[in-house]
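The values are calculated or read from the model by the stated rules, or taken from the named source; none is laboratory data. From a predicted model like this one, the values you see are computed outputs, not experimental measurements. Using ideal geometry, Cβ is built from the backbone for each residue, glycine included, and neighbour counts are taken over all protein chains shown. Side chains are part of the model used for accessible areas, which takes the heavy atoms of the whole protein and leaves out ligands, DNA and RNA. Shrake-Rupley method; radii C 1.70, N 1.55, O 1.52, S 1.80 Å.
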Amino acid sequence: MATTDPASEITAASVRPGGELLVLLAAMTPEQLERALANLTTSFPAEGVLVASPSALPADSHPPLRIVAAPAANASWTLTAADFASAHQLADKNKAAAILMLGPESGGLAPSAIRALANAVLTAPTDLAVPCYELPPHAGLVNSAILYPLTRALFASRVRFPLAVDLGLSLRMAERLSGAAHRLTMLNQGEAPLWPINEATVAGFTIDQLDVGLLRAQPQPAGPDLSTILPLVAGSLFSDIDAKAAFWQRFRVLPPARNLLSIPEAASTDAAPDIAPMLQTFRLAYSNLYEIWSLVLPPTSLLGLKRLSTTGAADFLMPEPLWARIVFDFLLAHRLRIINRGHLLGALIPLYLAWVASHINITASGIDPESHIEAVAAAFEAEKTYIVSRWRWPDRFNP
Amino acid sequence: MQNMLAVLLQSSPNQSSQPLYADNTSIWAHMSGALHQSLYRVLSLLISILPGILAFLLALAVFTLFGMGVSALLRRGLALIRFDEHLSRTRGNIDWAPSTSPTALIARVSFWGFVLLGLIIGVSAFDASYATATMLPSSLLPYLTRIVGAALLLIAGTLVARFLARSVLIGAVNEQLQYARFLSLGIKWLVLVLTAAMVLDHLQMGGNVVALAFGILFGGIVLTLALAVGLGSRDLVSRSLESRGEHSGERSATPPTAGPGDSIRHF
Amino acid sequence: MKKLASATDPLWYKDAIIYELHVRAFADSNGDGIGDFPGLLSRLDYLQDLGVTCIWLLPFFPSPQRDDGYDIANYVDVNPSYGTLDDFKRVLAAAHERNMQVMIELVINHTSDQHPWFKAARLAPAGSPTRQMYVWSTTNQLFEGARIIFTDTEKSNWTWDETAKAYYWHRFFSHQPDLNFDNPAVIEEVLKAMRFWLDMGVDALRMDAIPYLVERDGTSCENLPETHAVIKTIRTAIDAEYANRLILAEANQWPADVRPYFGNGDECHMAFHFPLMPRIYMALRQEDRLPITDIMAQTPAIPDNCQWGLFLRNHDELTLEMVTDDERDYMYIAYSADPRMRVNVGIRRRLAPLVDNNRRRIELLNSLLLSFPGTPILYYGDEIGMGDNIYLGDRNGVRTPMQWSSDRNAGFSRCDPARLYLPIVMDPIYGYQTINVEAQLSDQSSLLHWTRNMIALRKLFRVFGRGSLSFLNPANQKILAYLRDLDRGDGTHETVLCVANLSRFAQPVSLDLSSHTGAAPVEMLGYVPFPAITEAPYVLTLAPYSFLWLELQPAHAGPEF
């Protein structure tokens, strides 16, 4: 759905009964905290809003916000299971009607956006309000390459940022997420990310996606080491998809596309990033990791990769169906435990870098990045038959 | 034979040669006496060992049967209480992939445990009944356990070597190290050599010579690997030094203007 | 008066079922570990039972055995390991008694370097007739355009001979010098050898490596007009003196390049359709009929008295010479992940291991073999699903002893197992304990019985060997549907609709059979009537890897049930 009216109009939908809004702030530095609180003060000038923060703050430092303490949390670039567990706990304790979870850089969000998120969950029937950020080109590539297309193809949700760090949750959404978090914590994976979109779709809750516009600084992982973070995120998503197999293997209708209200970007005047190192990694991986890939990928994909490995940098283009099938095959291999999961996801990284190189080439030739990513997501949808058939009959003798 | 010789002696008319014949009889007597004695010794040794062997076999057989019974009972019992499902419900996805269910594993382990127990008891029974002679070295039991331990070490070492080799291969490729395959092979052989050395040491074979040889081999491999890492990771090191400098700069300043190389953000 | 062999129909090869076997690999009667003719004699009943009508024997001539008998040291005798000439004559007679024809090899492109001709040639002075039996040159720069065929072992087509002080030409191994077909004496000798066997009563000759007979500088030295002239000479000689014989050309070329080997019906009677074979495997793996329909579209029409020879596997590697580079890459990745399975430009595996020992796939491929236009050629052992041994060198992995029973040496021989010419396959999946003729004969559901029944079914209908082929093009790419039609000459037609599912999942298909409206399809294996054909699309559903043979009977003559 499109942006809502910034003014706090109560729409035709009913307001959630009782309680007030609980805003849970993530662990952040004092400067970020100040900005966030100032922002909140601007967003909610009138009504009282309960703010919980893991950093110690006096209760009345920012009227009219009422500040309570939240359980201690580790600074993280994404919402973890522990965060959702404490959100539900706090909401329960303080009898909140809805929860707004804000990440470290929420000080950069427009107050109207925060308000919109809050309103969405305060009025039923929306259970999950997800922001749609406007990021600079070539940012959030893992999301564009893997997270968004997979979520869209399998869970029929057009949410552009499934791993958004700012979320609006209704009480029952928080309860459900807290249950999922509890399961993860029992497995000592309290710091792993959760997938709210997947949970909401399986439970049949309503999801609302809101444009929050604006370029904003996205929290980055502490050590931006692709080799550790990508396996973590992808592995977590793969496990989640595995657990919900009975759900997504049914025919689903995708909601209609949103009208993108964002102004089309002026063509970036920056020079296109250098793809040579990525290609080098891919070619190195092709010669060294080919045996591992041949355990996971079928002959047609291997042939496509072989062709790519001999293509020069200028013509380097990974076809969207090839990428879709690669991700699906890795998803299946993750489930079947063909090789150790850590090794499997480590072997995915060079392929992901090859996709990034191809994406950069495409955008450098003038095509809008968003339309390419939409094409990628469409390819994932088209290959859904592929993953369902291979999931149900994992035979080695296939095209 | 002695009788024949005695007859010969008595029938011999030549008395002067009697002392010679008398020496011969004693030599023959000594020889046959020695043979008899050794035969007696060996036979008695065998006889003394025999009950030990029988005891060993009996203990092994009894405990194997016992083990079969216990494992069957366990299997049935665990299947009845649905142990597998209970386990998967509480523990969820554990990242290990046994090819059989926990029930089967437990049953199997218990069976082999009993067989092992029978083996141990049998061997020590054999030891106990085998009284004196010092032909065999000190008791068999510790050596058998050593062999078992060595075998386990070997298996574990091989598995670890393979796992590590693959981890290193993937890690090195992701770090753009040119010698990735070489490194992975090196690590694998390093671990295998180490395992072999540990196994031989555990079996107390070779002693110092083996230790020295492996030490040299080990050192050689480590040196080669160090060279490979050093040569291959010059870029890596320089990159990591640069990025560390950037990071410390970034934290204090506002987000810097994006240069062409920085404009990719994976997250 | 032309000499007859055993076939009475001049076009007997159009209805034949050819069985390729190596005497060495089939059955051993004297316990020396090498198969022989008396052993083969004892097994002819099995072949007759299977439904085979023509036996193709791989070379059994005296030879140093450096190329499995294709390096011949004497054209008119039998290798003593396999028996004597009399033994061969007995086998020939016994086969003819059972109404089976016999095809032997005529390897005229080259001989062994142990052949008396070559031994004399290297000692003879340059230019002399003896010398000119072979192709010599002082330099190895001649005939640069010719490609190397055994790329794994040979680096050049010329080899220096110390005794002769010259280079000699060889398209294959260096110990197989090529005969010089510009020399009429060579042709005479070849005809002499040929007459020797045809006089004995041999029905058919397979011309091995026939595109390479003649060399000319500046060409690829393949398929030259002079080569065709030689073949025509041979064919004329045969037609003049013998009746109802067959020449089968082994020309591994694109279909358009094989067409000249039929001439105008005055060269070879049959030729192998090499390019079709890898495409069948590709179509199966890719689950797409395009590779097959594409190559059949490129296949030109041949004279009426000529016939294609179709095969799924043979004694050589599954050759990938006649495919594009991309297709070759795909086939390597798909069918031979282990580099040990590759030799020269092909894959050296048997039928069953290639398709992962999946019974349905084997049956599907055999159904294509038996229903496509041409004469099917079965490789020994494939009727029971024999496996291979990729650890044996060269192409020996597919030439292991025939597995007759689960006894010692798979019933092939009574000798000490260490004496066998090649070890028996004994892994858990394809080993002789599981895969053997005796077991499959007693198992009614075995592949052997299935093959026997299918061959018998094919023999009931002449349309398979003699009819035309036209593809239907349903929208579902995973379905291969084609019509075989034969005009009986009395106004009636024998028409069969074949539909095959190349996919591992069940598939629906909608066929346009409006040209046969009114016909009543009857499924051939079970004689089951299917719904009559109408103007509307004919909808069928096919199980994974299944096929349907439907005889289209005229409406009023349909079975009444």
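When the Kirkwood hydrodynamic radius is evaluated over all pairs of different C-alpha atoms of the protein assembly as shown, what value in angstrom, to one decimal, is obtained?
37.7
If one computes the Cα centroid of the range C:87-123 and of the range A:153-194, what distance in Å separates the two points?
78
Across peptide A:292-301, what mean number of C-beta atoms from other chains lies inside 10 Å of a residue's C-beta?
Across the residues of A:292-301, the mean count of other-chain Cβ atoms within 10 Å is 3.
Only four residue types carry charge here, +1 at the Cβ of Lys and Arg and -1 at the Cβ of Asp and Glu. Report the dipole size of the range A:21-248 about the Cα centre in Debye, rounded to the nearest 20.
In total the dipole reaches around 320 debye.
Leaving out ligands, DNA and RNA but keeping every protein chain, what accessible area does residue A:339 have, in Å² rounded to the nearest 10, with a 1.4 Å probe?
Per-residue accessible area (residue A:339): approximately 10 Å².
Using a 10 angstrom Cβ neighbour count of at most 10 plus a DSSP loop assignment to flag exposed GluC sites (Glu not before Pro), which longest range of chain A is free of such sites?
The segment A:48-399 is the longest one with no such site.
What 222 nm value per residue comes from the helices of the protein assembly as shown, counting each DSSP H run with n ≥ 4 as -39,500 (n - 2.57) and dividing by all residues, nearest 500 deg cm²/dmol?
One gets -14500 deg cm²/dmol as the mean residue ellipticity at 222 nm.
To the nearest whole number, what is the average tally of beta carbon atoms from other chains within 10 Å of the beta carbons of peptide B:161-173?
5
Heavy atoms only, 1.4 Å probe, whole protein assembly: order C:153, A:151 by accessible area, highest first.
If we order C:153, A:151 from most to least accessible, we get C:153, A:151.
Keeping all protein chains in the complex and leaving out DNA, RNA and ligands, what accessible area do you get for residue A:77 with a 1.4 Å probe, in Å² to the nearest 10?
50
Starting from the amide H of residue C:101, placed 1.01 Å from N in the peptide plane, find each other amide H under 5 Å away whose residue is 5 or more places distant or on another chain.
For residue C:101, whose amide H was placed from the backbone, the distant partners under 5 Å are C:54, C:55.
Quick one: which residues, 5 or more positions from residue C:343 or on another chain, have an amide H under 5 Å from its amide H? H modelled 1.01 Å from N in the peptide plane, none for Pro or chain starts.
C:348
Residue C:86 to residue C:32: FRET efficiency via 1/(1 + (r/R0)^6), r the Cβ-Cβ distance, R0 22 Å, to the nearest 0.05?
Efficiency for this residue pair is about 0.75.
Given Cα pairs under 8 Å that are at least 6 residues apart, what percent is the relative contact order of the range C:468-553?
RCO, the range C:468-553: 31 percent.
Residues in the range C:231-248, backbone N under 18 Å from the label point at residue C:192 (7 Å along the Cα-to-beta-carbon vector): list them, ranges by number please.
Counting only backbone N, you get C:234, C:237-238.
Enter the accessible area of residue C:390 (Å², nearest 10), with the probe set to 1.4 Å and all protein chains included.
The value for residue C:390 is about 20 Å².
Quick one: check the C-alpha center-to-center distance for the range A:325-365 versus the range B:136-211, whole angstrom.
What the calculation gives is 32 Å, centre to centre.
Which order do you get for C:502, C:392, C:41, B:58 if you rank them by accessible area with a 1.4 Å probe, largest at the top?
Accessible-area ranking of C:502, C:392, C:41, B:58, largest first: B:58, C:41, C:392, C:502.
Under 5 Å between amide hydrogens, which residues at least 5 positions from residue C:143 or on another chain qualify, with H placed 1.01 Å from N in the peptide plane?
When sequence neighbours closer than 5 places are left aside, the close amide H contacts are C:218.
Residue farthest toward the positive end of the dipole of the protein assembly as shown, with Cβ of Lys/Arg at +1 and Asp/Glu at -1: which of C:244, A:37, B:111?
B:111
Sorted by average packing, counted as other Cβ atoms within 10 angstrom per residue and highest first, what order do C:438-448, A:203-213 take?
Answer by packing, highest mean first, reads A:203-213, C:438-448.
Please tell me the relative contact order of chain A in percent, rounded to the nearest whole number, where contacts are Cα pairs under 8 Å and at least six residues apart.
RCO, chain A: 18 percent.
For chain A, take the longest principal axis of its alpha carbons; what is the angle in degrees between that and the long axis of helix A:276-288, to the nearest 10 within 0 to 90?
Here the helix axis deviates by roughly 60 degrees.
Quick one: of the DSSP bridges fully inside the protein assembly as shown, what percent are antiparallel, nearest 5?
Just about 50 percent of them are antiparallel.
How big is the antiparallel share of DSSP beta bridges in the range A:21-248, given as a percent to the nearest 5?
Percent antiparallel among DSSP bridges in the range A:21-248 is about 25.
If you count, for every residue in C:327-335, the Cβ atoms of partner chains within 10 Å of its Cβ, what is the mean?
Across the residues of C:327-335, the mean count of other-chain Cβ atoms within 10 Å is 4.
What spacing in nm lies between the two simple spin-label points modelled at residue B:238 and residue C:114, each 7 Å away from Cα in the Cβ direction?
Simple spin-label model gives 6.4 nm for this pair.
From the P(r) of the range C:352-445, can you give the percent of Cα pairs sitting at distances over 24 Å?
Percent of Cα pairs beyond 24 Å in the range C:352-445: 23.
Could you state, as a whole-number percent, how many of the C-alpha pairs of chain A are farther apart than 32 Å?
Of all Cα-Cα distances in chain A, 36 percent exceed 32 Å.
For the range C:468-505 and the range C:209-229, what is the separation of their C-alpha centers, rounded to whole Å?
37
Could you order C:68, B:201 so the one with the most accessible surface comes first? Probe is 1.4 Å.
Ranking C:68, B:201 by accessible area, largest first, yields B:201, C:68.
Output the relative contact order of the range C:212-331, whole-number percent, from Cα pairs under 8 angstrom with separation of 6+ residues.
22
Compute the acute angle (0 to 90°) between the alpha-carbon long axis of helix A:171-186 and the principal axis of greatest extent of the alpha-carbon atoms of chain A; round to the nearest 10°.
So the helix axis and the longest Cα principal axis differ by about 60 degrees.
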